[in-house]
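Worksheet for the structure shown next.
The values are calculated or read from the model by the stated rules, or taken from the named source; none is laboratory data. None of these values were measured; they are calculated from a predicted model. All Cβ positions, even for glycine, are placed from backbone atoms using ideal geometry, and neighbour counts span all protein chains on display.
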Amino acid sequence: MFLWGTATASYQIEGAVGEDGRGPSIWDTFSHEPGRTRDGHTGDVACDHYHRWPEDVALMAEAGLNAYRFSIAWPRVQPTGRGEPGKKGLDFYDRLVDALCEKGIVPAPTLFHWDLPQALEDEGGWLNRDISGYFADYAAIVAERLSDRVKMWITLNEPFVHMVFGYGLGVHAPGRALFLDALPVAHHQLLGHGLAVQALRAAGAEQVLITNNCTPVWPASDSAEDLSAADAYDTLHNLLFNDPVLLGTYPDFSAYGIAKLDFIRTGDLETIAQPLDGLGINYYNPTRIAGPGSGGLPFEDAGITGYPTTAFGWPVVPDGLRELLVSLKARYGTALPPVYITENGCSYEGVDDQERIAYLDGHIAAIRQAQREGVDLRGYFVWSLLDNFEWAEGYHQRFGLVHVDFETQKRTPKASYHWLKGLIETLKD
Ligand code: IFM
């Protein structure tokens, strides 16, 4: 069964940050610091999904969607990231999973979508190798409770973005600007992924994936400088996260002048390269790269022109998704498991969102073309079900199929919601 779903993340929709024993996360801390998010927005209330989830599940069912990718808030399950689980937090996800199953919607939880318990950040966050083990303990707790009904699990969401934005540039929580010294964050997340796969399997999980955010990298010109800069960027953004999980190796980092990767220990890569049942891919746009960059980086973003852009200013390049999928197949061959597009979507204003319809239509055509070119694709999840808290942009970027009035919490399905519903109906015939 091909999965047609939507995707969300706990901190972006749940709200209820102080309820039922949930501990603080790094996003609670970060968003409350002056100047960190646009207009000082926080996820304190967000879409109030913690209370309104029955309405949100009903919206999915009404659209005919057969899958839902959501994330579990680690600090709801373990308020300090370690030790005994809080009962009420797990109860929330238990009820949600029951309601999804009742409606015939496959639950596909992600265990980590950036809301690290603050107590673990106080111990160094993902710079601290021990966090990998705590992550696996948490995975085991959740799977023991839910794996009788949850068959499909995703360990991490976009470890690249969490490393670069959260620890490299400091524009996301936890707000550290370590540049290339953030590299251990990649390794410790990947190690946590590998250990979590083992824990999930031990608790009866049937299907395990990781979700990487990938981008086709376009050199700005054919010059040797731009070509090698593009390779260097591809290494950091794509290969650093796909190679270890699929091939059990790290790519060559010499372009970065990093000789010592001494945080990698013997046996780590074997742990990271656990067999997977799928690769989750989040795609938004390609990246055009020139070289060399400033600040010691071997590349710089040259920007893409000549394409329509979303309200966020992101170029709309549907064929980039086909290009990406075909290139994954070319690089990994038989090591590439079935692929799920775990996020694809766009930010636009308005309820009559014809641009979003065009965006989705173009990207769905691109995945169909990739299938014709031999890529084993098993699902497509739109980001996002609801307008929600778009991290540093607060509530300014609206990605939802359903409009949310953040004053009243009223949900209004947009034109794209009705369009997607119509499309899914035609697929049933
Ligand atoms: O909102 C984010 C999501 O949390 C991760 N992937 C990209 C989305 C849009 O920026």
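Summary of computed values
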quantity: Residue match in the stretch 236-245 (condition: crowded, with 17+ Cβ neighbours inside 10 Å, within 30 Å of Lys151 (Cα to Cα), within 16 Å of the ligand (Cβ to nearest atom) and not polar (S, T, N, Q)); calculated: yes
quantity: Restricting the stretch 383-397 to residues that are within 10 Å of the ligand (Cβ to nearest atom) and assigned to a loop (DSSP other than H, G, I, E, B), the residue that is surrounded by the fewest Cβ atoms within 10 Å (Cβ to Cβ); calculated: Glu390
quantity: Some residue of the stretch 358-375 being closer than 21 Å to Cys214 by Cα, part of a helix (DSSP H, G or I) and touching a Cys at 6+ places or on another chain (Cβ under 7 Å); calculated: yes
quantity: The stretch 258-292: number of residues that are assigned to a loop (DSSP other than H, G, I, E, B), crowded, with 19+ Cβ neighbours inside 10 Å and more than 18 Å from the chain's Cα centre (by Cα); calculated: 3
quantity: Selection from the stretch 172-182 of residues that are surrounded by fewer than 21 Cβ atoms within 10 Å (Cβ to Cβ) and over 20 Å from Pro24 (Cβ atoms); calculated: Ala177, Leu178, Phe179, Leu180, Asp181
quantity: Pairs where the first residue, in the stretch 104-123, is of a type in the set (Asp, Glu) and the second is modelled with pLDDT of 95 or more, C-beta under 6 Å, 6+ apart; calculated: Asp115/Ser10; Asp115/Tyr11; Asp115/Ser25; Asp115/Trp27; Asp115/Ala73; Glu121/Ile26; Glu121/Pro174
quantity: Options Leu240, Leu190, Leu209, Leu200: the member that is assigned to a strand (DSSP E or B) and closer than 18 Å to Gly280 by Cα; calculated: Leu209
quantity: Which listed residue is touching a residue at least 12 places away in the same chain (Cβ under 8 Å) and outside any loop (DSSP other than H, G, I, E, B), from His418, His403; calculated: His403
quantity: Wholly enclosed helices (runs of 4 or more DSSP H) of the stretch 1-93 bearing at least 3 residues more than 16 Å from the ligand (Cβ to nearest atom) and closer than 19 Å to Pro109 by Cβ; calculated: 49-63, 74-77
quantity: Selection status of Gly35, crowded, with 21+ Cβ neighbours inside 10 Å, more than 30 Å from Ile424 (Cβ to Cβ) and over 21 Å from the mean Cα position of the chain (by Cα); calculated: no
quantity: Every pair of residues 6+ apart whose Cβ atoms lie under 7 Å, when the first sits in the stretch 288-312 and is without any contact (Cβ under 8 Å) to a residue 60 or more places away in the chain and farther than 15 Å from Pro216 by Cα while the second is hydroxyl-bearing (Ser, Thr, Tyr) and within 16 Å of the ligand (Cβ to nearest atom); calculated: Thr310/Ser347; Thr310/Tyr348
quantity: One residue from Ala232, Ala220, Ala203, Ala255 being buried (at least 21 other Cβ atoms within 10 Å of the Cβ), more than 16 Å from the ligand (Cβ to nearest atom) and touching a residue at least 12 places away in the same chain (Cβ under 8 Å); calculated: Ala232
quantity: Selected residue [within 16 Å of the ligand (Cβ to nearest atom), part of a helix (DSSP H, G or I) and either among the hydrophobic types (A, V, I, L, M, F, W, C) or over 19 Å from the mean Cα position of the chain (by Cα) (or both)] from Leu325, Leu321; calculated: Leu321
quantity: Qualifying residue in the stretch 151-164 (condition: among the aromatic types (Phe, Trp, Tyr), closer than 25 Å to Thr266 by Cα and under 21 Å from the mean Cα position of the chain (by Cα)); calculated: yes
quantity: Lone unmet requirement of (1) within 16 Å of the ligand (Cβ to nearest atom); (2) of a type in the set (Val, Ile, Thr); (3) more than 18 Å from Leu423 (Cβ to Cβ) for Val375; calculated: (1)
quantity: Residue check for Asp44: surrounded by fewer than 20 Cβ atoms within 10 Å (Cβ to Cβ), of a type outside the set (Ser, Thr, Tyr) and within 21 Å of the chain's Cα centre (by Cα); calculated: yes
quantity: Options Ile364, Ile424: the member that is within 21 Å of the chain's Cα centre (by Cα), closer than 19 Å to Tyr68 by Cβ and not basic (Lys, Arg); calculated: Ile364
quantity: Unmet criterion (only one of (1) more than 16 Å from the ligand (Cβ to nearest atom); (2) of a type outside the set (A, V, I, L, M); (3) surrounded by fewer than 22 Cβ atoms within 10 Å (Cβ to Cβ); (4) within 17 Å of the chain's Cα centre (by Cα)) for Asn213; calculated: (1)
quantity: Test: residue in the stretch 162-185 that is under 16 Å from Ser71 (Cα atoms), of a type outside the set (D, E, K, R) and either out of contact with any helix residue (DSSP H, G or I) (no Cβ under 9 Å at 6 or more places or on another chain) or part of a helix (DSSP H, G or I) (or both); calculated: yes
quantity: Scan of the stretch 338-352 for residues that are within 14 Å of the ligand (Cβ to nearest atom), more than 16 Å from Ala370 (Cα to Cα) and touching a helix residue (DSSP H, G or I) at 6+ places or on another chain (Cβ under 7 Å), ordered by number; calculated: Cys346, Tyr348
